[in-house]
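Student: Pasting in a structure now, in structure tokens, and then I'll have a few things to ask.
Only the coordinates and a few stated rules stand behind these numbers; no lab work does. From a predicted model like this one, the values you see are computed outputs, not experimental measurements. Quick reminder, even Gly has a Cβ in these numbers, built from the backbone with ideal geometry, and neighbours come from all protein chains shown.
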Amino acid sequence: MAHSQFVNSPRSFVADAIRGLVAATDDLAWHPDPGYLTRRAPLTPGRVAVLSGGGSGHEPMHAGFIGRGMLAGACPGLVFTSPNALQIDAATRAVDAGAGVVHVVKNYTGDVLNFRIAADLAREHGVAVEHVLVADDVASDKGTDESGEAVGPGMRGTAATIAVEKVCGASAARGDELAAVAALGRRVADGARSMAVALRPCTLPGAEEPSFDLPEGQIEIGIGIHGERGTERRDAMRAHELVPLLADRVLDALPPADDDRLIAIVNGLGATHPLELQLLYGELHEHLAHRGLVVARAIVGSFTTALDMAGASITLIRCDDEILELWDADTDAPAWPNAPSRRVHTAGSAGAAAPPSGGGAAPGDESAGGASATDGPDVRPTGFGAVGEWLGAWAGRVIDEEPALTRLDRQAGDGDFGTNMVAALDTLDLDALRTASSPERAFTAVSDAYLGHAGGTSGALFGVWFRRLAGAAGATAGSGPAGFTVADLARGARSGLDAITALGGAQPGDKTMIDALDPAVRALEEGVGNASSPATVLSSAADAAARGAESTAGITARRGRASYIGEAARGVIDPGALVMAWLFEEAARAA
């Protein structure tokens, strides 16, 4: 039986919620294609704009912090899924008032990739962009290697994001230049650390099971805001025991200097009562006082949530006079406390529709999202040139297997991979794709579907991958559909592998789609070098990809969401690698 929630349809959940949010908020406008929110009142010309965004399910972050003195706009993705690059690019250009835009980005791979791509697109249109990366969750900090590089994707971005948004927004509102606004944001982000605990996991809309299993009487320490399991499970404990445990881990990771003052945020994760949060802050205030630390400012409430998770996070931020001045500056963002504390007080002793990322071309960009799989003469290609039939069969298979992909991702990630795949591929006309006369247009249609509809890490990486295949096909466009050869495929596959490796940073053995893709590319190149038949080359690539996907079951993830839960994901095949293996399997069948 499905978890009880107020919902019309899981597919339209975010869009339905945005409809109500905009109707109830004065200074908020929704732009449905490609899907972003802005202030109704435009910025003063010559002022820097601050833009953020991320997966839905964390409300009131980010939409609730749009307003004078904070954000100029925000891009919502599907639940726990980053917005896509076209959303962010369109929003960036929409909020720009001539002085540039600061992107505030949480350190999740999908957010980082899509904001990075969007920044490049916006710069092509003359918009100056700076970014501030927020990485504050100490539970996901795996340290550094011998070269000083972070192991894995690094700390996740969580509740410290709202502090960065507040300071950057106030800095922009007082007229600071782009570089200065970004520098202040980075200063806040660098001096912020957080730790979270769950009493009960969250449940995604329409799901029959929670994001992880947590027995009654136990708590999960070190959870993420996308429903990820934590790093440690303990028996439930009293607040006066729990708060020092969380706070000391935050302080160990910070750590504050003797003369540092602190901003403290006690944040509810969605289903935690204000009385509980206030109790936690009382314990935190007393514990910090015992350690000789000064809390200069504090806010308590639910600001960065994980749907209906019962739990809380503690964030501590080093601050100075300038940061405090900006923290205190007025804002009319509806979710910001209208009377936050500005003094140190003594605490007594304890006693489906289409997702909002709707896709489509960014304004003024005729190439993005504009390609049709059926442009050109209606000629059914034959042989390996039948790229459309190959891609149509693969897309249909992925859509049909969505429940299985979702189950895998619940075990090894955060459960959104299957729905993210369908969010993109459901937008394709599969019959038209199967009869596409141009391999270049077929690849481009799939790429646009991912970049314009999927969001998340998978949306960016699969979108870029298919874009490189389209480039390889375009080089042989003049020879007709059958002119696309396995040599062209090998060249495009290598280019795509290099591109997504550079974007995401994953390598073979990290338990990602690369574990299937890398051996498949090498098999393609070897087969082409040996002048093997197309069928032989593709069969070899399919076998290599399948073995690579199967190998991920025995790997402890070092990249992606699965890396946050470590050994708990062992024994589970990476769903991205599996989908990539299916792609080569369908190519072999098409040959």
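Student: Computed on alpha carbon atoms, what radius of gyration and Dmax characterise the range 226-276, expressed in Å?
Tutor: Looking at the range 226-276, its Cα Rg and Dmax stand at 13.5, 36 Å.
Student: Please give the net charge around residue 474, taking every other residue with its beta carbon less than 10 angstrom from that of residue 474, where Lys and Arg add +1 and Asp and Glu add -1.
Tutor: -1
Student: Moving on. Which peptide among 314-323, 130-139 comes first, and what is the full order, when sorted by highest mean count of other Cβ atoms within 10 Å?
Tutor: 130-139, 314-323
Student: Starting from the 7 Å offset along Cα-to-Cβ, what nm value, one decimal, do you get for the label separation of residue 278 and residue 240?
Tutor: 1.9
Student: Go through the range 2-55 and name the chymotrypsin sites (Phe, Trp or Tyr not before Pro) that are in a DSSP coil and have 12 or fewer other Cβ atoms within 10 Å of their Cβ.
Tutor: Passing sites in the range 2-55 are 6.
Student: Can you tell me the alpha carbon radius of gyration of the range 383-590 divided by the globular rule-of-thumb value 2.2 N^0.38 Å?
Tutor: That ratio works out to 0.95.
Student: Of the listed peptides 175-182, 221-228, what is their order by residue-averaged count of other C-beta atoms within 10 Å, with the highest listed first?
Tutor: Highest to lowest by the protection proxy: 221-228, 175-182.
Student: Here's something else I'd like to know. Could you rank the peptides 451-458, 108-115, 66-73 by their average count of other C-beta atoms within 10 Å per residue, with the highest value first?
Tutor: Ranked from most to least packed, the peptides come out as 451-458, 108-115, 66-73.
Student: Hey, what do the phi angles of the range 543-551 turn into as Karplus ³J(HN,Hα) couplings, whole Hz, using 6.51/-1.76/1.60 and θ = phi - 60°, x for Gly and Pro?
Tutor: Each residue's phi maps through the Karplus curve to give 4, 5, 5, 5, 5, x, 5, 4, 5 Hz.
Student: When the C-alpha atoms of the chain are aligned to their principal axes, what extent does each axis show, in angstrom, from largest down?
Tutor: The principal-axis extents, from largest down, are 79, 54, 50 Å.
Student: To make sure I understand the rule: partners must be lysines, Cα under 23 Å from the Cα of residue 511, and not fewer than 8 residues away in the same chain. Which ones qualify?
Tutor: The qualifying lysines are 106, 142.
Student: Taking just the alpha-carbon atoms of the range 44-149, what radius of gyration and Dmax come out, in angstrom?
Tutor: When restricted to the Cα atoms of the range 44-149, Rg and Dmax are 14.4, 48 Å.
Student: Same structure again: Taking the Cα centroid of the range 490-536 and of the range 255-319, what is the distance between the two, rounded to the nearest whole Å?
Tutor: Their Cα centres are 47 Å away from one another.
Student: Taking 30 Å as R0, compute the FRET efficiency from the Cβ-Cβ separation of residue 180 and residue 341 and round it to 0.05.
Tutor: 0.65
Student: On to the next question. Which value does Rg/Rh take for the range 406-465 over its C-alpha atoms, Rh per Kirkwood?
Tutor: So for the range 406-465, dividing Rg by the Kirkwood Rh gives 1.05.
Student: Please list, by residue number, every one of the trypsin sites (Lys or Arg not before Pro) in the range 183-239 that is coil in DSSP and has at most 11 other beta-carbon atoms within 10 Å.
Tutor: Those satisfying the criteria are 238.
Student: Can you give me the long-range amide H partners of residue 47? Hydrogens built in the peptide plane at 1.01 Å from N, cutoff under 5 Å, separation of 5 or more residues or another chain.
Tutor: It is 99, by chain and number.
Student: Counting Lys +1, Arg +1, Asp -1, Glu -1, what net charge surrounds residue 401 among other residues with beta carbon under 13 Å of its beta carbon?
Tutor: Every neighbour counted, the sum reads -3.
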